[in-house]
Amino acid sequence: MFIGKVSGHLVTTQKEPNMADSKLVVVEACSGAAAGKAALAPTGKVLVAIDSLGAGVGEYVLVTQGSSARMTEQTKTMPVDAIVIGIVDSVRLQDRILSRADGTLAG
């Protein structure tokens, strides 16, 4: 699993029938504290994931990949490699807590 930031939505005119009702999001992976700062930093690695939770652009999400991505009720019959399994409310990095409530985890 990793923390990523939703940077966009992917729209397709056609897709695998089992995926017809699935929302796709573009997610950029984040790393922990960069250069000694307690903040999430983009890594440049971008992927497409199924989003059954309704994450919006700019939100931080928890993503799982590989065979684990097909272990949810929604994805067990889909040819998927990544799925959003949580929308992040807070992260503790070093002695700092980043949270959606105070805006420090906002886009």
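Structure summary
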read-out: Inter-residue pairs, beta-carbon under 7 Å, first farther than 24 Å from Ser31 by Cβ and in segment 59-73, second of a type in the set (Val, Ile, Thr), 6+ apart; value: Arg70/Val80; Thr72/Ile83
read-out: Output for segment 51-75, where each listed residue is within 9 Å of the chain's Cα centre (by Cα) and of a type outside the set (Asp, Glu); value: Ala55, Tyr60, Val61, Leu62, Val63, Thr64
read-out: Residue that is surrounded by the most Cβ atoms within 10 Å (Cβ to Cβ) [pool: residues in segment 63-107 that are in contact with a Phe, Trp or Tyr (Cβ under 7 Å, 6 or more places away or on another chain) and at pLDDT 90 or above]; value: Val63
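The values are calculated or read from the model by the stated rules, or taken from the named source; none is laboratory data. Please read all numbers here as calculations on a predicted model, not as lab measurements. Backbone-built Cβ (ideal geometry, glycine too); neighbour counts: all protein chains shown.
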